[in-house]
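Following: one structure in structure tokens, then a few remarks.
Since every read-out is calculated from the coordinates, none of them should be taken as a lab result. The structure displayed is predicted, hence computed values, not measured ones. As a convention, Cβ positions derive from the backbone with ideal geometry for all residues, glycine included, and neighbour counts pool all protein chains shown.
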Ligand SMILES: C[S@@+](CC[C@H](N)C(=O)[O-])C[C@H]1O[C@@H](n2cnc3c(N)ncnc32)[C@H](O)[C@@H]1O
């Protein structure tokens, strides 16, 4: 592959010296699929889970692929692909699309950066087998330690031929060919009734915690009754929308659920519809509240992420805390939860304002932070 991967950036995602925009899996995927990519007619290549554009742009630059359809869950990744394409003068080579049947119609080659959740892969493979060309070839790449036997099983349920390639730089590619009928494939979003909350939770494969309730989220739900009065609230990093939905039903306030993940927003939309809350909760796919005006909100609840890809990094949570600082009106509050060992309280004081402990048990801390006066 002749493409200059070093020219790619992660921006607008978190950037740091130990975080990269392209990895060994991107390179191995492109090398493994080289022959198929070279001979693919325009409009027949699909890329799933491209982190920052290395696969989409590498296929276009190295093999002349045209009309590539690319789906990236995080809006940050989708924007990074656009910015990188602009920088590499490849803007016309691809189209970024949502996860719908149109993404896959007639596809002959599908390149996949393995998702973290098996459920996400299951949803993708179901869509491929239902909508791609019958002779489609699927290349699933990932770090060897994250490629599980269960992923082979998912591919094997939809393809007659599944082969694992040799590992290179701790990455591996699994190739699937000869689609076979897969009639009983699960349909997405899935849904689950939670009698304790009297709530339906709906989830696409890529949504955090699936149709379950995360244990950190449970801590925030436990203190829902203590939240200050507010006219408008934001569930920052809303996932399937559990906190947004509970705020809307229990507190009867206007709520915005915001998340950078397409799977999260689609799941939250299904959750709101299932609970009759679609008109009371607004949803927005956005990176760190970039679309929300400064000092416009009274209350933010947030169960922040603490993983960036596979690298543990506080950058992801700090980005959300800074977003809360920018969008809270003076006197407005951020209620958040974190694992005790993460010790975010001093950071919250420094970056936003006075922070008090609301709840602390053996695993988790819930804090309330008041936005200080600006200046
Ligand atoms: C720990 S999950 C919490 C999900 C949900 N609130 C819940 O309680 O189940 C964190 C969420 O933050 C989202 N997220 C991470 N970084 C983000 C960013 N920069 N902007 C918006 N959302 C982000 C993730 O997509 C994920 O859905």
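For a test of the definition: using alpha carbon positions, the gyration tensor, and the 1.5 limit on a/c, classify the chain as rounded, prolate or oblate.
Since a/c reaches 1.5 and a/b is larger than b/c, the shape of the chain is classed as prolate.
Starting from the 7 Å offset along Cα-to-Cβ, what nm value, one decimal, do you get for the label separation of residue 252 and residue 223?
2.5
Among DSSP beta bridges whose residues both lie in the range 164-281, state the antiparallel percentage, nearest 5.
Antiparallel: roughly 55 percent of the beta bridges in the range 164-281.
Given a Förster distance of 30 angstrom, what is the FRET efficiency for residue 153 paired with residue 19, based on the Cβ-Cβ distance and rounded to 0.05?
0.45
Is the range 42-89 rounded, prolate or oblate when judged by the Cα gyration tensor, a ≥ b ≥ c being the square roots of its eigenvalues, rounded requiring a/c under 1.5 and prolate requiring a/b larger than b/c?
oblate
With an 8 Å cut-off on Cα pairs and a minimum separation of 6 or more residues, tell me the relative contact order of the range 258-342 in percent.
Over the range 258-342, the number comes to 30 percent.
Do me a favour and compute the ellipsoid semi-axes for the range 193-263 from its Cα gyration tensor, root of five times each eigenvalue, largest one first, whole Å.
Equivalent ellipsoid of the range 193-263: 19, 15, 10 Å, largest first.
Largest first and in whole Å, give the semi-axes of the range 325-374's equivalent ellipsoid, each being the square root of 5 times a Cα gyration tensor eigenvalue.
Each semi-axis is the square root of five times an eigenvalue, giving 21, 10, 8 Å.
If one computes the Cα centroid of the range 312-375 and of the range 200-251, what distance in Å separates the two points?
17
Going highest first, how would you order 242-248, 71-77 by mean Cβ packing within 10 Å?
Put in order of decreasing packing, that is 242-248, 71-77.
With a cut-off of 8 Å between alpha carbons and a minimum separation of six or more residues, what is the relative contact order of the range 232-304 in percent?
It comes to 42 percent, rounded to a whole number.
Testing the spin-label approximation: label points 7 Å from Cα along Cα→Cβ at residue 329 and residue 167. State their distance in nm.
Each label point is offset 7 Å from its Cα along the Cβ direction, giving 5.6 nm.
Compute the distance from the alpha-carbon center of the range 49-69 to that of the range 77-102, in whole Å.
9
Can you tell me the order of 261-268, 202-209, 327-334 when each peptide is scored by its average per-residue count of other Cβ atoms within 10 angstrom, highest first?
The most tightly packed comes first, giving 261-268, 202-209, 327-334.
Could you grab the relative contact order for the range 136-264? Cα pairs under 8 Å, six or more apart, rounded to a whole percent.
17
Between residue 339 and residue 118, how many nm apart are label points set 7 Å from Cα along the C-beta direction?
2.1
Just to be sure I understand: of the beta bridges DSSP finds with both ends in the chain, what percent are antiparallel, rounded to 5?
Restricted to the chain, the bridges split so that about 50 percent are antiparallel.
Shape of the range 215-311 from its Cα gyration tensor (a ≥ b ≥ c, root eigenvalues): rounded if a/c is under 1.5, otherwise prolate when a/b > b/c, or oblate?
rounded
What is the angle, in °, between the Cα long axis of helix 262-274 and the longest principal axis of the Cα atoms in the chain? Nearest 10 is fine, range 0 to 90.
60
Between residue 359 and residue 89, 0.36 nm times their residue separation minus their Cα-Cα distance comes to what?
Result for the pair: 92.0 nm of gain on full extension.
What full-extension length gain, to one decimal in nm, is calculated for residue 130 and residue 370 as 0.36 nm per residue of separation minus the Cα-Cα distance?
81.4 nm
Mean-square fluctuation check for the chain, GNM, Cα pairs under 10 Å: which of 98, 181, 12 is largest?
Looking only at 98, 181, 12, the largest GNM fluctuation is found for 181.
Output the 0 to 90 degree angle, nearest 10, between the alpha-carbon long axis of helix 149-158 and the longest principal axis computed from the alpha carbons of the chain.
Its long axis makes an angle of about 60 degrees.
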